[in-house]
Ligand SMILES: [Zn+2]
Ligand SMILES: [Zn+2]
């Protein structure tokens, strides 16, 4: 199924991301052309933290690239920027009708100013700002990746801490233009946990969105786990100007996942394409 008027996919990983062992940049571009997407943004991981493992160990699918330090903390393999940028350039020649942006997914960028400054020189065209780790409850100064954070705090506690941290990041001057997957901890939600108490979270979510809108950045609707449209409506009410769509694909077959249903829902929530089909959707 293809469609004109589809949004760009602005959050995509290829084999240049440490956790995308099934990634394939060329096949992803071919898939984008097949789907009729106007543009894609590769946003390879740029992680700088040292994560303490969750109870029971890591549960990543496929092979991941990184190392464990002397304290048992995992550090991801750094992004090989030059090779990555050259691969994007090759794809632009292979797929001249597809707009291909070269970007990064910056993890906790507000906490790593020196590392971020070093990357800034590459002039990435799309920077998604994300959180993947939260402070370790038991070891001050340490962080745990999200599954460990959920194990330590419970899902609701992890969501609340995540939202607090997201507000801090949105208020920072870290160089990102889109807030990625605000609902990331909900990937660990299971039906047994019961419905999430949105009414209790509303004030906190609206606060993050207000700070984000004030910063001039866009909100990402990540389609890995489709964002509750309630949040997109709150984004509109907070004065948010733009919505970005991201499949967060780590393999070509996940590009543009749930595109039609999510785009339709976002349109009902008050955002539409602009005259530039490769751009973010804008508030109406
Ligand atoms: Zn992410
Ligand atoms: Zn991602």
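The values are calculated or read from the model by the stated rules, or taken from the named source; none is laboratory data. The shown structure was predicted, so the numbers you read here are calculated from the model rather than taken from an experiment. Positions of Cβ are backbone-derived with ideal geometry, glycine not excepted, and every protein chain shown enters the neighbour counts.
Here are some notes:
- Count of the range 43-82 residues which are under 22 Å from residue 222 (Cβ atoms) and in contact with a strand residue (DSSP E or B) (Cβ under 9 Å, 6 or more places away or on another chain): 13
- Check on residue 127, in contact (Cβ under 8 Å) with a residue 24 or more places away in the chain, touching a helix residue (DSSP H, G or I) at 6+ places or on another chain (Cβ under 7 Å) and surrounded by 22 or more Cβ atoms within 10 Å (Cβ to Cβ): no
- The residues listed here are 168, 150, 205, 159; of these, the one that is buried (at least 19 other Cβ atoms within 10 Å of the Cβ), more than 16 Å from ligand 1 (Cβ to nearest atom) and in contact (Cβ under 8 Å) with a residue 24 or more places away in the chain is 205.
- Exactly one residue out of 137, 106 is more than 14 Å from ligand 2 (Cβ to nearest atom), outside any helix (DSSP H, G or I) and at pLDDT 90 or above: that is 137.
- Within the range 239-257, if we keep just the residues that are surrounded by 19 or more Cβ atoms within 10 Å (Cβ to Cβ) and away from ligand 1 (no atom under 16 Å from the Cβ), the residue that is farthest from residue 129 (Cα to Cα) turns out to be 252.
- Among the candidates 221, 262, the residue that is out of contact with any helix residue (DSSP H, G or I) (no Cβ under 7 Å at 6 or more places or on another chain) and either over 21 Å from residue 101 (Cα atoms) or crowded, with 17+ Cβ neighbours inside 10 Å (or both) is uniquely 262.
- If you go through the range 135-146 and keep only what is away from ligand 1 (no atom under 13 Å from the Cβ) and either surrounded by fewer than 24 Cβ atoms within 10 Å (Cβ to Cβ) or farther than 30 Å from residue 42 by Cβ (or both), you end up with 135, 136, 137, 138, 139, 140, 141, 142, 143.
- Residue ID - nearest to residue 280 (Cα to Cα), chosen from residues in the range 36-78 that are within 16 Å of ligand 2 (Cβ to nearest atom), free of Cβ contacts under 8 Å to residues at least 60 places away in the same chain and part of a strand (DSSP E or B): 76
- Options 85, 33: the member that is in contact with a strand residue (DSSP E or B) (Cβ under 7 Å, 6 or more places away or on another chain) and assigned to a helix (DSSP H, G or I): 85
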